[in-house]
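The values are calculated or read from the model by the stated rules, or taken from the named source; none is laboratory data. Because the structure is predicted, anything quoted here is derived from the model rather than measured. Please note: Cβ atoms are built from the backbone with ideal geometry, for glycine as well, and neighbour counts cover all protein chains shown.
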Amino acid sequence: MPEHGLNWLSRSDLLTYEEMLRLCRILAALGIEKVRITGGEPLVRRDMMLFFNKLVKIRGIKEVGLTTNGVATAQFVPQLKELGIRSVNLSLDTLDRERFFQITRRDELPLKYIRWIYVLSKKCPLMVAIMAPELRHGIMSESSIRSGNAGRS
């Protein structure tokens with residue numbers, strides 16, 4: 001997170017939910033079966049769960065996934081599961097607590113994100129992929145293991 005915040009796009013520069021749903025219907029008619037919603041944290045956008053509810057009902061769309069930085073996702077996990085969303089990619093800048101704080105200006109890696117990973121992997125049967133520089137094919141790198149700092153509280 002930049003020190004002075006972000007320059008947000010104006011509403012007029014964003015696709016509306018109706019436009020995104022129309023695009024997905026067109027793509028489904030052309031044979032596209034999988035849709036992944038991405039962003040920093042798509043679920044901070046107002047009424048995103050209503051959008052997901054409509055998206056999963058589009059004829060021809062067989063799989064809907066989500067890529068997120070996890071800022072607000074944990075509270076929506078039961079609803080995502082209920083909608084049939086089974087694939088969530090959690091994109092983290094790092095698994096090193098100090099580096100995470102430098103990048104995000106939040107000391108939330110152990111308290112929020114490690115808990116979030118637990119909720120996704122243990123409490124709800126969702127397929128979870130964690131993407132971070134320290135991970136290679138789902139295994140922590142030697143430097144991360146040696147530091148013993150990944151997720152330490």
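Which residue is farthest from residue 69 (Cα to Cα), if the candidates are limited to the stretch 13-40 and must be free of Cβ contacts under 8 Å to residues at least 12 places away in the same chain and β-branched (Val, Ile, Thr)?
At the first step, the residues of the stretch 13-40 found to be free of Cβ contacts under 8 Å to residues at least 12 places away in the same chain are 13-16, 18-19, 22-23, 26-27, 30.
Now restrict to residues that are β-branched (Val, Ile, Thr): 16, 26.
Values: 16: 22, 26: 28 Å.
Filtering first and then ranking leaves 26.
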- Message: Taking the condition of being in a loop (DSSP other than H, G, I, E, B) and touching a helix residue (DSSP H, G or I) at 6+ places or on another chain (Cβ under 6 Å), how many residues in the stretch 78-94 meet it?
- Response: 3
- Item | Selection from the stretch 29-67 of residues that are among the polar types (S, T, N, Q) and surrounded by 14 or more Cβ atoms within 10 Å (Cβ to Cβ) | 67
- Task: For the stretch 91-107, state whether one or more residues are without any contact (Cβ under 8 Å) to a residue 24 or more places away in the chain and among the acidic types (Asp, Glu).
- Result: yes
- Note on the structure: residue 61 fails exactly one of (1) under 25 Å from residue 11 (Cβ atoms); (2) out of contact with any Lys or Arg (no Cβ under 7 Å at 6 or more places or on another chain); (3) among the hydrophobic types (A, V, I, L, M, F, W, C); (4) modelled with pLDDT of 80 or more, namely (1)
- Query: Exactly one of (1) under 19 Å from residue 131 (Cβ atoms); (2) exposed (fewer than 13 other Cβ atoms within 10 Å of the Cβ) is unmet by residue 12. Its number?
  - Reply: (1)
